[in-house]
Amino acid sequence: MPTPLEIVVESLQAYWITSPLPLIILFATLACIGTLVYVFLTNARNAKLRVSLLTGLYSLSIFFWLFVASSFVLCLSLSRMVAYARFGVQTAAGGAVLVSFAVSAVVSVVVWRKGAARVLRRIPTREPLATETWLVDYIALVGKFEGVSSVELRVKEDATPVAMAVSGARDIVIVSTGLLSSLERDEVEAVVAHELMHIKNHDSRFKVFSHMLSRFLFFDPFSKFFDPAVHREREYLADEMSGRTTGKPGSLASALLKIHEKANGGLTALAGLNIVGREGGLFSRFPPVKERITRLILLSDILHRAT
């Protein structure tokens with residue numbers, strides 16, 4: 001009579017080696033991930049589609065790893081059935097698919113809907129004062145021009161320059177008192193336009209979604225390599241769109257320099273959300289400020305030559 005260890009070994013062998021079904025499910029999931037990556041790379045100018053594709057990639061990544069984990073759990077808990085029953089492998093694989101699909105769907109929906117509210121609870125803000133209503137009017141004006149309506153402005157009492165956009169039940173732009181006091185008016189407008197571009201491109205919703213799921217998938221290669229690269233790309237895109245909308249890319253360039261110098265590495269808590277954060281390396285979600293400024297100066301020269 002086989003020992004419990006021998007039964008577990010035979011169960012794993014039957015599940016992963018003898019039967020092709022679990023491997024087919026894994027390879028089909030990887031094929032879907034590859035297809036989404038290909039569509040993402042070939043649709044560089046469709047911002048909304050790319051955010052939807054990235055959301056799907058995260059959901060598939062969750063499903064992939066949950067299927068692997070639940071398969072091992074079922075092989076251990078139902079080892080005798082998996083090893084010896086006629087349809088044991090099929091039953092275990094079907095159970096793993098159902099569990100993985102249900103959990104990944106629930107996690108994705110909850111994070112997508114509740115993630116922004118959780119972030120906002122961690123960032124105390126207030127309504128704009130009378131002296132700050134000019135910025136509310138500016139947001140309404142640019143939002144109307146760009147088709148981004150009903151964006152709310154919140155102010156954070158913080159000496160550190162902070163600017164970020166968060167989208168959930170409502171679209172919100174957050175700026176700190178430190179940012180308002182350290183930048184000129186045209187620089188503040190350029191920064192706010194940058195954040196509005198994140199809302200327009202749906203980056204503000206996805207950045208919260210991916211920021212929270214990357215903690216859940218701390219071991220996932222996609223979260224560690226591909227996702228930061230996408231975030232860097234979105235920052236470049238928001239910079240360019242802000243520069244073209246305001247017609248003053250130089251103002252955003254000077255604002256980025258001031259924020260970077262004044263922050264002095266104090267942006268860890270808002271990494272992935274603030275306009276400037278820790279940069280450098282494959283795992284950074286922010287492109288180098290120097291490169292961003294260079295691109296904005298080139299854009300300024302192009303716009304000047306076009307007039």
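This table checks each residue for (1) surrounded by fewer than 18 Cβ atoms within 10 Å (Cβ to Cβ); (2) out of contact with any Gly (no Cβ under 8 Å at 6 or more places or on another chain); (3) modelled with pLDDT under 80; (4) not assigned by TED's automatic domain parsing to the domain that holds residue 43.
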| residue | (1), (2), (3), (4) |
| --- | --- |
| 187 | no, yes, no, yes |
| 192 | no, yes, no, yes |
| 197 | no, yes, no, yes |
| 205 | no, no, no, yes |
| 208 | no, no, no, yes |
| 211 | no, no, yes, yes |
| 221 | yes, yes, yes, yes |
| 224 | yes, yes, yes, yes |
| 228 | no, yes, no, yes |
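Among residues of region 1-28 being polar (S, T, N, Q) and out of contact with any Ser or Thr (no Cβ under 9 Å at 6 or more places or on another chain), the one that is farthest from residue 97 (Cα to Cα) is 3. Screening the candidates 171, 220 for the property of being out of contact with any Lys or Arg (no Cβ under 9 Å at 6 or more places or on another chain), over 23 Å from residue 293 (Cβ atoms) and of a type in the set (Asp, Glu) yields one hit, 220.
Regarding region 159-167, can at least one residue be identified that is surrounded by fewer than 24 Cβ atoms within 10 Å (Cβ to Cβ), more than 21 Å from the chain's Cα centre (by Cα) and either within 19 Å of residue 140 (Cβ to Cβ) or in contact (Cβ under 8 Å) with a residue 12 or more places away in the chain (or both)? The answer is yes, given that some residue of region 159-167 is surrounded by fewer than 24 Cβ atoms within 10 Å (Cβ to Cβ), more than 21 Å from the chain's Cα centre (by Cα) and either within 19 Å of residue 140 (Cβ to Cβ) or in contact (Cβ under 8 Å) with a residue 12 or more places away in the chain (or both).
Checked against (1) farther than 21 Å from residue 43 by Cα; (2) in contact with a His (Cβ under 9 Å, 6 or more places away or on another chain), residue 207 meets all criteria but (1).
Here residue 11 meets the list (1) surrounded by fewer than 12 Cβ atoms within 10 Å (Cβ to Cβ); (2) hydroxyl-bearing (Ser, Thr, Tyr); (3) touching a residue at least 40 places away in the same chain (Cβ under 8 Å) almost entirely, failing just condition (1).
Within region 132-158, restricting attention to residues that are touching a residue at least 12 places away in the same chain (Cβ under 8 Å) and of a type in the set (D, E, K, R), which residue is nearest to residue 198 (Cα to Cα)? Only one residue fits best here, namely 146.
The set of residues in region 62-90 being at pLDDT 90 or above and among the small types (Gly, Ala, Ser) consists of 69, 70, 71, 77, 79, 88.
Consider region 112-127 and keep the residues that are over 11 Å from residue 166 (Cα atoms) and in a helix (DSSP H, G or I). The one that is farthest from the chain's Cα centre (by Cα) is 121. None of 251, 214, 242 is farther than 23 Å from residue 145 by Cα, of a type in the set (Ser, Thr, Tyr) and assigned to a helix (DSSP H, G or I) except 214.
Checked against the criterion of being at pLDDT below 90, over 15 Å from residue 217 (Cβ atoms) and not acidic (Asp, Glu), the candidates 47, 102, 31, 93 yield just one match: 47. Contact map, region 71-93: first residue touching a residue at least 24 places away in the same chain (Cβ under 8 Å), second residue assigned to a loop (DSSP other than H, G, I, E, B), Cβ cut-off under 8 Å, separation 6 or more or different chains; pairs are 88/78; 89/19; 90/19; 92/78; 93/19.
The values are calculated or read from the model by the stated rules, or taken from the named source; none is laboratory data. Given the structure is predicted, the values throughout are model-derived calculations rather than measurements. Neighbour counts are summed over all protein chains in view; Cβ atoms, including those assigned to glycine, are modelled from backbone coordinates with ideal geometry.
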